[in-house]
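The values are calculated or read from the model by the stated rules, or taken from the named source; none is laboratory data. Bear in mind that the values here come from a model prediction, so they are computed numbers and not experimental data. Quick reminder, even Gly has a Cβ in these numbers, built from the backbone with ideal geometry, and neighbours come from all protein chains shown.
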């Protein structure tokens, strides 16, 4: 899922300091699961915005609501029910949600409440780790299911590098060297000899270096 | 100029059980500060961050939570969870440029102990020093 975290309050309050009616709009998708932008977090943020504006000597009507998701047109249409109730939306969705509101509501002010950080999973309660970089050319079948693009600091395709020491990465002793993990795992799977094959120079055009990406499924379009 | 702070206490059902004996008269006899408004909850682990923030929105100058000892909670981890939520509120107060100590967590044993009154007085004195909340 997409992982995100709330922006510093000062940054959010500065965005909305001149607004009179603010709608803090939660997303019930990924950001609910990672406790960054669901209904509970939107209610908390609305309260904090009210307190922050009051402290700054300003006042605004701040309400909160939620959409099932903010990354689909039909759900964004749900904003219609709040018509005339806001002059700015503070979205607690990931960056996709903010973009979708901006795309589909050309005359509405929309501000991001979160910093969208990575694609990850919850390794234990309250802890999320990056697992995938969305590079568009998956090599997990070659690496035992462990991603060198997202989980190697250098995104090496032929690791490990010389900075791997005792299974740890040189950037931080707390960070596992993913290439050591790949090597060990391929050994357990009796596939270690596959790692002798050199990966070719990587074509990063699928990773966003070729501009914004788009996917079309003709069988699903109407 | 003297200032009597408006303080809201959210207390664990068990910790405050004896404090409510005789319809609260015992507390009065022990000089429990009148400016502290107590709300009893089934377990402090049930408290949400928003409940504490709403108390500030409602005009509280200080908010504190009293739960079971961290290693002896009736509901195992309730008071530990409450402490984390209080810490989140303290952090948010800091972000808003306020004194974090306007929100505090206390762990106290069950029953009517002198500490229950002591922490109420401690909060009253400390918040009085800090002055009124700007909210």
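Scanning region B:15-36 for residues that are part of a helix (DSSP H, G or I) and either within 14 Å of chain A (Cβ to nearest Cβ) or surrounded by fewer than 16 Cβ atoms within 10 Å (Cβ to Cβ) (or both) yields B:18, B:21, B:22, B:23, B:24, B:25, B:26, B:28, B:29. One residue stands out among those in region A:29-55 that are in contact with a helix residue (DSSP H, G or I) (Cβ under 7 Å, 6 or more places away or on another chain) and outside any helix (DSSP H, G or I): the one that is farthest from the other protein chains (Cβ to nearest Cβ), which is A:37. Of A:63, A:59, all but one fail to be modelled with pLDDT under 95, within 14 Å of another protein chain (Cβ to nearest Cβ) and in contact with a helix residue (DSSP H, G or I) (Cβ under 8 Å, 6 or more places away or on another chain); the exception is A:59. Looking at region A:5-24, is at least one residue touching a strand residue (DSSP E or B) at 6+ places or on another chain (Cβ under 7 Å), within 10 Å of another protein chain (Cβ to nearest Cβ) and closer than 22 Å to residue A:117 by Cα? Among the residues of region A:5-24, at least one is touching a strand residue (DSSP E or B) at 6+ places or on another chain (Cβ under 7 Å), within 10 Å of another protein chain (Cβ to nearest Cβ) and closer than 22 Å to residue A:117 by Cα, which makes the answer yes.
Are there any helices (runs of 4 or more DSSP H) wholly within region B:37-130 with 2 or more residues that are more than 14 Å from chain A (Cβ to nearest Cβ), and if so which? Walk me through it before giving the result.
Details: elements: B:49-57, B:78-95, B:114-130.
It comes to B:78-95, B:114-130.
From A:31, A:68, grab the single residue that is more than 30 Å from residue B:55 (Cβ to Cβ), in the same structural domain as residue A:12 (by TED's automatic domain parsing) and within 18 Å of the chain's Cα centre (by Cα). It would help to see each step written out before you state the result.
Numbers: A:31 fails: more than 30 Å from residue B:55 (Cβ to Cβ).
Exactly one of A:31, A:68 is more than 30 Å from residue B:55 (Cβ to Cβ), in the same structural domain as residue A:12 (by TED's automatic domain parsing) and within 18 Å of the chain's Cα centre (by Cα), namely A:68.
Within the set A:134, A:120, A:162, A:187, the sole residue that is loosely packed, with under 14 Cβ neighbours inside 10 Å and either assigned to a loop (DSSP other than H, G, I, E, B) or in contact (Cβ under 8 Å) with a residue 24 or more places away in the chain (or both) turns out to be A:162.
Condition check ((1) in contact (Cβ under 8 Å) with a residue 24 or more places away in the chain; (2) assigned to a helix (DSSP H, G or I); (3) surrounded by fewer than 18 Cβ atoms within 10 Å (Cβ to Cβ)) across all residues:
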position	(1), (2), (3)
A:57	no, no, yes
A:76	yes, yes, no
A:93	yes, no, no
A:97	yes, yes, no
A:103	no, yes, yes
A:107	no, no, yes
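For region A:160-176, the count of residues that are touching a helix residue (DSSP H, G or I) at 6+ places or on another chain (Cβ under 7 Å) and at negative phi is nonzero. Need the failing condition index for residue A:86 against (1) surrounded by fewer than 18 Cβ atoms within 10 Å (Cβ to Cβ); (2) in a loop (DSSP other than H, G, I, E, B); (3) in the same structural domain as residue A:19 (by TED's automatic domain parsing), just the number. So the condition that residue A:86 fails would be (1).
Take region B:67-103 and flag every residue that is modelled with pLDDT of 95 or more, under 26 Å from residue B:31 (Cα atoms) and surrounded by fewer than 21 Cβ atoms within 10 Å (Cβ to Cβ). Scanning region B:67-103 gives a single hit, B:101. On the given criteria, is residue A:20 in contact with a helix residue (DSSP H, G or I) (Cβ under 8 Å, 6 or more places away or on another chain) and in contact (Cβ under 8 Å) with a residue 12 or more places away in the chain? Criteria not met by residue A:20. Going residue by residue through region B:92-102, is there one that turns out to be touching a residue at least 12 places away in the same chain (Cβ under 8 Å) and farther than 30 Å from residue A:53 by Cα? So far as region B:92-102 goes, no, none of its residues is touching a residue at least 12 places away in the same chain (Cβ under 8 Å) and farther than 30 Å from residue A:53 by Cα.
Would you check which residues across region A:43-55 are in contact (Cβ under 8 Å) with a residue 40 or more places away in the chain and either over 15 Å from residue A:21 (Cα atoms) or out of contact with any strand residue (DSSP E or B) (no Cβ under 7 Å at 6 or more places or on another chain) (or both) and list them? Walk me through how you get there before you give the answer.
If we filter region A:43-55 for residues that are in contact (Cβ under 8 Å) with a residue 40 or more places away in the chain, which is where we start, we get A:45, A:49, A:52-53.
Within region A:43-55, A:52, A:53 meet the criteria.
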